[in-house]
Each structure stands twice: as C-alpha cells, then as structure tokens.
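These notes are about the structure you will find just below.
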Amino acid sequence: QVQLLESGGGLVQPGGSLRLSCAASGSVFVFNNMGWYRQAPGKKRDLVAVITSGGRSNYADSVKGRFTISRDNAKNTVYMQMDRLKPEDTAVYYCNADWYNDYGASISMAWGQGTQVTVSS
C-alpha cells in the first residue's frame, strides 16, 4: 500500500524559509508526477507545484520565483524549498503522487496527511 509522509512544516516569520519533504513508499516501481498542494481554512485545495518523473516542473503564479520543487527518484522523495515566505502562504501543505498501473492501463493517486505552514510575525 502506498504511503506519503510529509515533514518540514512549522512557524516562520515573513521573509523566512522552510523546506518541505515528502517520502513515498509502497509497491510502486516508478512514480509519475509528484507535487504539492495547499489548503487554507475556508479555501479549496490548490496546486502549488508539480514535477514530472523527468524533472520538468510547474508552479502556481503566486509562488513563482520563491518556491522550488525537486525530487530524488532513487528515494521516491519530493522536496519543496520555500523562500521569502508571506503570510498568504499560510496553509496546510499536502504531498501528492500518481503512478501507472497495469503497464499504463490505468493511473492511481495518493495524498499525504498534510503539514502545517504558518507565516506570521
């Protein structure tokens, strides 16, 4: 069974930095896309950044130039470096990963339990 475990959240001041990690484990040979979503109270869950198995990445406009997503395929781990944090970045951050089943016949997805990021002075 696939499990995603996030870490690295916490409380930081505006302008500070955090580095999130998400380790994926289970009977999956190769993960396809891995990414980060966030959800603030009363808001829907939105995509923050995603990275493909080949290393191509995309970001939400609100975090471009401040956040950097990366992955280590050998460890099935995805990271997100978060710099110049703003109060608007406060949210629960969720790791996401998808993978192909049955030699590409279908696709599956899993979510982490979330890690809290709070940006406040």
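The values are calculated or read from the model by the stated rules, or taken from the named source; none is laboratory data. Everything quoted here is computed from the prediction, not taken from an experiment. Note that each Cβ is placed from the backbone with ideal geometry, even for glycine, and that neighbours are counted across all protein chains shown. Please note that ligands, DNA and RNA were not included when accessible areas were found on the heavy atoms of the full protein model with its side chains. Shrake-Rupley method; radii C 1.70, N 1.55, O 1.52, S 1.80 Å.
Computed about the Cα centre, the dipole magnitude for the stretch 14-121 is approximately 240 debye when only Lys and Arg (+1) and Asp and Glu (-1) carry charge, each at its Cβ. Residue ranges 33-39, 107-113, 45-51 sort as 33-39, 45-51, 107-113 when ordered by packing (mean number of other C-beta atoms within 10 Å per residue, highest first). Ligands, DNA and RNA left out, the 1.4 Å accessible surface of the stretch 52-121 is 45% carbon and sulfur atoms. Once both labels are positioned 7 Å from their Cα atoms along Cα-to-Cβ, the gap between ARG56 and ASP72 label points is 2.6 nm. Separation of the stretch 1-42 and the stretch 99-121, taken as the distance between their Cα centroids, equals 8 angstrom. Extension gain, ASP98 to GLN13: 0.36 nm times the residue separation minus the Cα-Cα distance gives 27.3 nm.
Entry comment: accessible area of the chain is 57 Å² per residue, from protein heavy atoms only and a probe of 1.4 Å.
Beta bridges per DSSP, both residues in the chain: antiparallel share near 95 percent. Students often forget the sequence filter, so: which lysines lie under 21 Å Cα-Cα from LYS86 once same-chain residues fewer than 8 apart are removed? Of all the lysines, those that pass the test against LYS86 - Cα under 21 Å, at least 8 places apart if same chain - are LYS43, LYS44, LYS64. Annotation: amide H of LEU85 within the under-5 Å range of GLY15, GLY16, sequence separation 5 or more or interchain, hydrogens built in the peptide plane.
FRET efficiency for the pair SER25 and ASP83, taken as 1/(1 + (r/R0)^6) with r the Cβ-Cβ distance and R0 = 25 Å, rounds to 0.35.
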